Amino acid sequence: MNWPALGVGLAAFVIIGAFHPVVIKAEYYFSKKVWPVFLLAGLLCLWAALYIKNTAWACVVSVLGFTCLWSIKELFEQEKRVQKGWFAKNPKRK
């Protein structure tokens with residue numbers, strides 16, 4: 001049996017699920033201007049995944065990296081959702 005494969009699947013599920021509120025909070029507090037942080041984190045994770053010897057952990061770190069990169073798109077989409085009134089706008093930010 002390939003238990004590590006189930007662990008990678010579970011980790012991917014948790015990482016992707018956790019990033020939904022992360023993107024919402026990041027846009028609320030910092031606006032879409034925080035996208036370079038997600039870019040740097042994503043590239044660092046992908047770079048690290050190349051050097052991790054354990055395949056399961058390399059896959060998990062890779063999923064984290066690609067999720068960070070996908071979050072850049074979601075930040076811009078979140079801004080549009082806020083403008084439509086689907087999510088709260090931060091009143092302290094102009």
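Please tell me the relative contact order of the chain in percent, rounded to the nearest whole number, where contacts are Cα pairs under 8 Å and at least six residues apart. Mind showing how you got there, number by number?
Numbers: 82 pairs, mean separation 33.5, N = 94.
Averaging sequence separation for qualifying contacts and normalising by length gives 36 percent for the chain.
Carbon and sulfur: what percent of the chain's accessible surface (1.4 Å probe)?
On the way: 4950 of 6850 Å².
Ligands and nucleic acids excluded, carbon and sulfur reach 72 percent.
Just going by the charge dipole of the chain, with Lys and Arg at +1 and Asp and Glu at -1 on Cβ, which of Leu43, Val22, Leu69 is farthest out on the positive end?
So the residue we want is Val22.
Once you charge only the Cβ atoms, +1 for Lys and Arg and -1 for Asp and Glu, what is the size of the charge dipole of the chain about its Cα centre, to the nearest 20 debye?
On the way: 12 positive and 4 negative charges, 113 e Å.
Dipole about the Cα centre, nearest 20: 540 debye.
Suppose all protein chains stay in the model; what accessible area per residue would a 1.4 Å probe give for the chain, in Å²?
Spelled out: the 1.4 Å probe surface of the chain, per residue, equals 73 Å².
Could you pull the accessible area for Ile16 with a 1.4 Å probe, rounded to 10 Å²?
90
Taking the alpha-carbon distance from Lys84 and a cut-off under 26 Å, which lysines remain once sequence neighbours fewer than 8 residues away in the same chain are dropped?
Qualifying lysines at Cα under 26 Å: Lys25, Lys32, Lys33, Lys73, Lys92, Lys94.
What value, in deg cm²/dmol to 500, does the helix sum -39500 (n - 2.57) over DSSP H runs of n ≥ 4 give at 222 nm once divided by the residues of the chain? It would help to have the intermediate numbers written out before the result.
Working: 3 runs with 74 residues, N = 94.
When only DSSP H runs of four or more count, the value is -28000 deg cm²/dmol.
Along the principal axes of its C-alpha atoms, what lengths does the chain span, in descending order and rounded to whole Å?
The principal-axis extents, from largest down, are 51, 24, 17 Å.
Points 7 angstrom from Cα along the Cβ direction at Thr55 and Val14: gap in nanometres?
With each label point 7 Å from Cα toward Cβ, the separation is 2.2 nm.
The values are calculated or read from the model by the stated rules, or taken from the named source; none is laboratory data. Please read these numbers as outputs of a predicted model, since none were measured by experiment. Using ideal geometry, Cβ is built from the backbone for each residue, glycine included, and neighbour counts are taken over all protein chains shown. Please note that ligands, DNA and RNA were not included when accessible areas were found on the heavy atoms of the full protein model with its side chains. Shrake-Rupley method; radii C 1.70, N 1.55, O 1.52, S 1.80 Å.
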